[in-house]
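Data first, discussion second: the structure below is written as structure tokens.
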Amino acid sequence: MNAEHMESIYNIIPPKMYAQAKPKMHRSSHSGTIPPSASTFHMSSTTHPGVSNMTGDATNHPVAHLPSRSFGKVPGALKNDPNTYMKKFAKSCSVPSLAEVKATNPQQLKPTHLAPRLKAGAFIQGQSETPVMNLVSQKNFIVANAVETILAQPKKVTQGAKDYLNKEDYGKTPKYLHNIKRDIDAEYDYIRQLHQQQEDDAAAGVRPLDDEERQQLIHGLKSKWEAVNTEYQGGTHITKLDTMGKMKRREKQEAELAQVEKDIEKMNKRGIHVHMDS
């Protein structure tokens, strides 16, 4: 093993690292595009000698390169270059705005010739004739309209104007509102009849509970309460409910006592009705 990679007292201080200087790139004094001497390449046909550039003093190829003559062009050479796509306005120019034309070339907006102004009732041009374009008027329509409005006389109100306050149905409810109100009342009556019919059907299937029968039910509920309470009191000495059965039994007895007490309280009320089947 190399001594530099072994544990040694001489390796405690690391050696100094020296950066090796990069030598200069070799550049040939001869051109890289000159053809090789005594080469058999670039032979286009048999009319040329078998070897070219025998002396080595040729600066250009004796025969021009024909890269796609035998094997065709390089694969991918016919693909479109994404950097040479047609740019905006490459074959045309944008239409200048009206403000740009007024600033740069205002003469372009002037009409070439003005047609004579037609008088009232003059001959109107036919459908096949070219209409007059780019007519310019010096009239200020805003000022003209303001002057006409100021100088205009108010309209005269005729004597036979209709007075809407003296109409026959003025202040009265329209007929269509009466019809809508009548339809709404009919719907409410129908709904009321349905509720009344449901109440009558429910009342037909029940009967009032007699006082004697009620007292018998109360006596039975009290007897049941005493039986459940006796059973419940028999287990009150058990203070430690260490099993699931004891816990379930205690909860069941407490629920039964509470339910029987609620039933007794209900049966003590007056006006109790029960179903006919019971």
Would you check if Gln125 is free of Cβ contacts under 8 Å to residues at least 40 places away in the same chain, exposed (fewer than 10 other Cβ atoms within 10 Å of the Cβ) and assigned to a loop (DSSP other than H, G, I, E, B)?
no
Which of the residues that make up region 200-230 are β-branched (Val, Ile, Thr) and within 14 Å of His273 (Cα to Cα)?
Val206
Test: residue in region 198-207 that is more than 30 Å from Lys262 (Cβ to Cβ) and at pLDDT below 90
yes
So, in region 140-171, how many residues would count as being basic (Lys, Arg) and surrounded by 10 or more Cβ atoms within 10 Å (Cβ to Cβ)?
1
Return the residues of region 260-278 that are surrounded by 13 or more Cβ atoms within 10 Å (Cβ to Cβ) and modelled with pLDDT of 80 or more; say none if nothing qualifies.
Val260, Asp263, Ile264, Met267
Please verify whether region 87-103 includes one or more residues that are outside any loop (DSSP other than H, G, I, E, B), modelled with pLDDT of 80 or more and loosely packed, with under 10 Cβ neighbours inside 10 Å.
yes
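The values are calculated or read from the model by the stated rules, or taken from the named source; none is laboratory data. In this text the structure is predicted, and so the values were computed from the model without any measurement. Positions of Cβ are generated from backbone atoms using ideal geometry, with glycine treated the same way; all protein chains shown enter the neighbour counts.
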